[in-house]
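Heads up, the thing below is written out as structure tokens.
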Amino acid sequence: MTDTSLPQNAPRGSNSILATDARTKKRNAAEKRFRALGMGAIGIGLFFLIVLFTTIIRSGAPAFTRTVVDVQFTLTQAQYDEAEGTLFKTAAYADLFIAQLGEILAEQDVAADFDAESIERTLGKVGGTLREFYRANEDQLDQPVNFSLATSSRVDGYLKGRVTLEGIEDSRFLMASDLDLVDELQAAGVIKSEFNWPFITGADSGVDNPGGAGIGASVVGSFFMMLVVLALALPIGVAASIYLEEFAVQNRFTDLIEVNISNLAAVPSIVFGILGLAVFIQFAGLPQSAPLVGGLVLTLMTLPTIIISTRAALKAVPPSIREAALGVGASKMQTVFHHVLPLAMPGILTGTIIGLAQALGETAPLLLIGMVGFVARGYPDGFLTGFTEANSAMPAQIYTWAARADAAFYDKAWGGIIILLIFLMFMNILAVILRRRFERRW
Amino acid sequence: MPILWLFLIVLAIAAAGYVIGRSRAVASVGGDHRKMHSLASFYGSNVAIKVFVPAFLFTIAWLLVQPIVVNATVSDMIPEAAIADNSSRGLVMAEVRRIADGLDSAVAAGGMSADFARTPQTDLDDVTQRIKDAGGVVTSDITAPVLNAAQRYRAMNGTGNFIMSGLAILIALGGAWWGIRESHADFRARNTVETSIRALLIGAASIAILTTLGIVLSLIFNTIEFFRLYPAADFFFGTNWAPSFSGRGGSSDLGVLPLLWGTFYISIVALAVAVPIGLFAAIYLSEYASKRVRSVAKPLLEVLAGIPTIVYGLFALLTVGPLLLEIFGKDGLGWMQAGTAVMTAGLVMGIMLIPFVSSLSDDIINAVPQALRDGSYGLGATQSETIKQVVLPAALPGIVGAILLAASRAIGETMIVVLGAGAAARLSLNPFEAMTTVTAKIVSQLTGDADFASPEALVAFALGMTLFVITLALNVLALYIVRKYREQYE
């Protein structure tokens, strides 16, 4: 027996598979580095996402609150008659208001020093508001009425920390002394913060009144545009996809359509704006800034998206369905419209909603057809005029605010983005639910 | 709204035709449906289609031709002498149309009688005042030939609309008569209806071609018009972009090179951000990530692609710009003058493009057959070596295609550069300087006060044409590469 075993504790050679040599170590390290790079890339992407959303929420939140001065004001019949009798009626109301505000502050032991001008700079034209109220509600005379008077945008900014006492320069809009008054009002407890309904429901204000700007009118404009897109893009897109998927024979014409659709999907959106300007406004003479024109342009833009998803949905319906229908005597057309299309409907709707969401956020083409620079001061009068009357749209309104020089509008722009993203989120969630709930796997 | 009324009337005729056609066909066999060639509803639909489609097509054709004919006739009425030196026939025609609209609104508002608007007037100030009272816009003083032309324009449009409505209704009635006469049990109604529906489907599919045609034509015509006013060589090779603000002066420099440079510079910065991050994210997601990580990270990354570009624009203007200014501006390194710069726009655009690069590359990497990887593992390669030496080379053409698509996106992007890149056109290498792009200038030239027929506004169409050609070339190239690559493994 010459069996010899290997010495147990002899050093392993450099080519042993049990020891990691320098080269393997290097390769493994390279492997780890590569993996870390990949993880890092995803981390950076997600980091950007988080930064983006926190920025939006942090910057947009102030738009949803506004500060008001809550005061109880009583106007007697005698005071009313006297004020209506003077030459400067609103000034008379303002004087009465100032007197009562002084009393309220005195009750709280707050020594404040203000005059009609400082009140106008901090609270806007109080006299006008009061006069309007009492002229409309004469029965409210002689009894205390609670007024919530919105502070001016700069005072609002001061209370939200956007405007500071140090950084302020005296102007006709705001003086440093006004901020002292605001501090005193705050000490007296008459300044309150409340949810900014006028921002949600209101229309755009002019360039010099950031406080009163609201997004409501442009939401309506976007809504009308989406109606146009839905009414045109869905039927046209579905019809085109049915033709291409179910009927078209492979020939030059079909190829031409296919090439066109894939190219249109990648044409920059601004080019569609040029098309809208040249064809719909210049050539066809449709009105500028109208949701109808915006809707038409966005329809052409969304068509490729809808066609691509509809074709995928039609393709997913198994051929056995078609064969069964044809077998019991349905015509080709009946097969498609009675059997294939209903089965593909959830997929088609999902694609349509995603296309609509894309169209809702699109801005560039709207700039060219005049939906920017137009101040949407009110809601359209009726349903039909809503399509042709000049209006703004949500993204166009946000751009208008962002392009204004006054920083007070930036809050509004961020707030508008939150509203826009909420709409988009709902549409996408709806699409996901539709897909989860109704999509069939064959 | 006469068109709407016309539409409703034709629709009503179609509905009536449906009912009559259906009942006539049923009556022809005494109510025995089995003896009919097609289902009863097909006979009704046949009539409705014959009412609606010809009338509809006729109206569309009329509406397309009428403005051209009216414009040509009215345009001939304006004598050469009535066109001022610094004006053109197109501008005068725009004025004519404005006055015609003004007359319409003045009549509607009760500012003048319909008769007054129709007959030639001598007191032009009075007419101007009446139009202005009704909210009409009159830019310059109305002259006698222009007013005449405007009245002629109104008259021709009025008669034209009247004749169109009459003819459309006649055609609809004729279609109804034709369809109802056909409604017999022997008539192959289903075949006819299905052929029409098929034609309708083809028509819908052709909209894609029409859209492309519309884009190309509207760009080409206005570009030719531009080159008539401004030399093409100066546009393509000019290194200075300085449009005059008046909108009518002849002293504008409209060289495209600074804009193209800005466009490419910003796109390069954007791709420098998006390509490495997107590519590594795609590699990790497709090769390393567990199913759970993938199902969370991929949709989250794609959220970045679903955010509207206006959001990114605002992010660039109000967040990234000031942040960069703090680091590279006066108080920091001193390279940057203002928040809007190539770097600002490029960085933000890069973020936007990450999911674009990552999902396209992800699809392409996933399409590489597993056998290639297994072969590489079998030879002892590590996972990263397999990716670097086998998977990526195999996927390279597709990845190049994805990057080209992302580049075309970057070149065509508008909102981020409008808000984030600044407005000054310059040829500079400093990425912290403000530059501007083709898209941003299209917006500013078409939304400004410049008159529509001036070179300052028309240049936007030449810019659009440039943009369209560049992006189209990139897309076609990218699709060609991707398609060619796909064929390899299928």
Task: Residue match in segment B:325-336 (condition: under 20 Å from residue B:482 (Cβ atoms), assigned to a helix (DSSP H, G or I) and not charged (D, E, K, R)) - done: no
Task: The listed residue being facing chain A (nearest Cβ under 9 Å) and of a type in the set (Gly, Ala, Ser), out of B:305, B:282, B:316, B:272 - done: B:282
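Any residue at all in segment A:81-92 that's under 30 Å from residue A:216 (Cα atoms), crowded, with 21+ Cβ neighbours inside 10 Å and either away from chain B (no Cβ under 14 Å) or touching a Cys at 6+ places or on another chain (Cβ under 8 Å) (or both)?
Going residue by residue through segment A:81-92, those that are under 30 Å from residue A:216 (Cα atoms) are A:90.
Next cut, crowded, with 21+ Cβ neighbours inside 10 Å only: none.
No; the residues of segment A:81-92 include none that is under 30 Å from residue A:216 (Cα atoms), crowded, with 21+ Cβ neighbours inside 10 Å and either away from chain B (no Cβ under 14 Å) or touching a Cys at 6+ places or on another chain (Cβ under 8 Å) (or both).
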Task: Residue match in segment B:246-264 (condition: within 24 Å of residue A:265 (Cβ to Cβ), within 14 Å of another protein chain (Cβ to nearest Cβ) and either at pLDDT 90 or above or surrounded by 15 or more Cβ atoms within 10 Å (Cβ to Cβ) (or both)) - done: yes
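This table checks each residue for (1) in contact with an Asp or Glu (Cβ under 8 Å, 6 or more places away or on another chain); (2) of a type in the set (D, E, K, R); (3) modelled with pLDDT of 90 or more; (4) surrounded by 19 or more Cβ atoms within 10 Å (Cβ to Cβ).
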| site | (1), (2), (3), (4) |
| --- | --- |
| A:228 | no, no, yes, yes |
| A:231 | no, no, yes, no |
| A:254 | no, no, no, no |
| A:258 | no, yes, no, no |
| A:262 | no, no, no, no |
Open item on the list: Among the listed residues A:222, A:218, A:241, identify the single one that is closer than 19 Å to residue A:196 by Cα, within 13 Å of chain B (Cβ to nearest Cβ) and surrounded by 19 or more Cβ atoms within 10 Å (Cβ to Cβ).
Closed with: A:218
Open item on the list: Can you confirm whether residue A:236 is surrounded by 20 or more Cβ atoms within 10 Å (Cβ to Cβ) and touching a residue at least 40 places away in the same chain (Cβ under 8 Å)?
Closed with: yes
Open item on the list: For residue A:291, only one of the following conditions fails: (1) within 8 Å of chain B (Cβ to nearest Cβ); (2) farther than 29 Å from residue A:441 by Cα. What is its number?
Closed with: (1)
- [ ] Run down B:429, B:372, B:463 and say which single residue is more than 8 Å from chain A (Cβ to nearest Cβ) and either crowded, with 24+ Cβ neighbours inside 10 Å or touching a residue at least 40 places away in the same chain (Cβ under 8 Å) (or both).
- [x] B:463
Task: Any chance residue B:285 is out of contact with any Lys or Arg (no Cβ under 7 Å at 6 or more places or on another chain), of a type outside the set (Gly, Ala, Ser) and in a helix (DSSP H, G or I) - done: no
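Taking segment A:252-274 on its own, how many of its residues are farther than 19 Å from residue A:361 by Cβ and either of a type outside the set (Gly, Ala, Ser) or more than 8 Å from chain B (Cβ to nearest Cβ) (or both)? It would help to see each step written out before you state the result.
First, the residues of segment A:252-274 that are farther than 19 Å from residue A:361 by Cβ: A:252-263, A:274.
Applying the additional criterion that residues be either of a type outside the set (Gly, Ala, Ser) or more than 8 Å from chain B (Cβ to nearest Cβ) (or both) yields A:252-261, A:263, A:274.
Within segment A:252-274, residues that are farther than 19 Å from residue A:361 by Cβ and either of a type outside the set (Gly, Ala, Ser) or more than 8 Å from chain B (Cβ to nearest Cβ) (or both) number 12.
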TODO: Find the residue count for segment B:177-232, including only residues that are more than 7 Å from chain A (Cβ to nearest Cβ), part of a helix (DSSP H, G or I) and in contact with a His (Cβ under 8 Å, 6 or more places away or on another chain).
DONE: 1
Open item on the list: Given the condition touching a residue at least 40 places away in the same chain (Cβ under 8 Å) and within 24 Å of the chain's Cα centre (by Cα), answer yes or no: does some residue in segment B:380-391 qualify?
Closed with: no
Open item on the list: So for segment A:265-283 (the condition being surrounded by fewer than 18 Cβ atoms within 10 Å (Cβ to Cβ) and over 30 Å from residue B:71 (Cβ atoms)), does at least one residue qualify?
Closed with: yes
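Among the listed residues B:399, B:310, B:364, identify the single one that is in contact with a Ser or Thr (Cβ under 6 Å, 6 or more places away or on another chain) and away from chain A (no Cβ under 12 Å). I'd like the intermediate steps shown before the answer.
Working: B:310 fails: away from chain A (no Cβ under 12 Å); B:364 fails: in contact with a Ser or Thr (Cβ under 6 Å, 6 or more places away or on another chain).
Residue meeting the stated conditions: B:399.
Take the conditions within 21 Å of the chain's Cα centre (by Cα), charged (D, E, K, R), under 22 Å from residue A:68 (Cα atoms) and not in a helix (DSSP H, G or I) and apply them to residue A:208. Does it pass? Explain how you work it out, then say what you get.
Numbers: within 21 Å of the chain's Cα centre (by Cα): no; charged (D, E, K, R): yes; under 22 Å from residue A:68 (Cα atoms): yes; not in a helix (DSSP H, G or I): yes.
Spelling it out, it is not the case that residue A:208 is within 21 Å of the chain's Cα centre (by Cα), charged (D, E, K, R), under 22 Å from residue A:68 (Cα atoms) and not in a helix (DSSP H, G or I).
Considering each of B:233, B:199, B:281, B:272 in turn, give the residue that is aliphatic (A, V, I, L, M), surrounded by fewer than 16 Cβ atoms within 10 Å (Cβ to Cβ) and under 30 Å from residue B:386 (Cα atoms).
Values: B:233 fails: under 30 Å from residue B:386 (Cα atoms); B:199 fails: under 30 Å from residue B:386 (Cα atoms); B:281 fails: surrounded by fewer than 16 Cβ atoms within 10 Å (Cβ to Cβ).
After applying the criteria, what remains is B:272.
Return yes when residue A:390 is of a type in the set (A, V, I, L, M, F, W, C) and more than 28 Å from residue A:268 (Cβ to Cβ) and no when it is not.
Values: of a type in the set (A, V, I, L, M, F, W, C): yes; more than 28 Å from residue A:268 (Cβ to Cβ): no.
Against the criterion (of a type in the set (A, V, I, L, M, F, W, C) and more than 28 Å from residue A:268 (Cβ to Cβ)), residue A:390 does not qualify.
Checking the conditions here, which among A:224, A:283 is more than 28 Å from the chain's Cα centre (by Cα) and not aliphatic (A, V, I, L, M)? So that I can check it myself, show each step before the final result.
On the way: A:224 fails: more than 28 Å from the chain's Cα centre (by Cα).
Answer to the selection: A:283.
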Task: Matching residues, segment A:114-150, being among the aromatic types (Phe, Trp, Tyr) and not in a helix (DSSP H, G or I) - done: A:114, A:147
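Could you look through segment B:129-162, keep only residues that are hydroxyl-bearing (Ser, Thr, Tyr) and at pLDDT below 75, and pick out the one that is nearest to residue B:76 (Cα to Cα)?
Let us first name the residues in segment B:129-162 that are hydroxyl-bearing (Ser, Thr, Tyr), namely B:139-140, B:143, B:153, B:159.
Still in the running and at pLDDT below 75: B:139-140, B:143.
Working: B:139: 22, B:140: 21, B:143: 16 Å.
Checked segment B:129-162; the qualifying residue nearest to residue B:76 (Cα to Cα) is B:143.
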Task: Identity of the residue in segment A:384-395, in contact (Cβ under 8 Å) with a residue 12 or more places away in the chain and assigned to a helix (DSSP H, G or I), that ends up farthest from the other protein chains (Cβ to nearest Cβ) - done: A:386
TODO: List every residue pair whose Cβ atoms sit under 6 Å apart, with the two residues 6 or more apart in sequence or on different chains, where the first one lies in segment B:296-319 and is in the same structural domain as residue B:277 (by TED's automatic domain parsing) and modelled with pLDDT of 90 or more and the second, anywhere, is surrounded by 20 or more Cβ atoms within 10 Å (Cβ to Cβ) and among the acidic types (Asp, Glu).
DONE: none
Open item on the list: So, residue B:194, is that one closer than 30 Å to residue B:24 by Cα, free of Cβ contacts under 8 Å to residues at least 24 places away in the same chain and acidic (Asp, Glu) or not?
Closed with: yes
Open item on the list: I'm checking my understanding of the structure. Among residues of segment A:312-369 that are more than 30 Å from residue B:305 (Cβ to Cβ) and β-branched (Val, Ile, Thr), which one is nearest to the chain's Cα centre (by Cα)?
Closed with: A:340
Open item on the list: With the requirement that a residue be surrounded by fewer than 20 Cβ atoms within 10 Å (Cβ to Cβ) and in a helix (DSSP H, G or I), what does segment B:108-119 give you?
Closed with: B:108, B:109, B:114, B:115, B:116, B:118
TODO: Taking only segment A:396-442 into account, find how many residues are within 12 Å of chain B (Cβ to nearest Cβ), part of a helix (DSSP H, G or I) and closer than 15 Å to residue B:318 by Cα.
DONE: 15
Open item on the list: Between A:380, A:342, which is away from chain B (no Cβ under 14 Å) and touching a residue at least 60 places away in the same chain (Cβ under 8 Å)?
Closed with: A:380
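The values are calculated or read from the model by the stated rules, or taken from the named source; none is laboratory data. The shown structure was predicted, so the numbers you read here are calculated from the model rather than taken from an experiment. Note: ideal-geometry Cβ built from the backbone for every residue, glycine included; neighbour counts use all protein chains shown.
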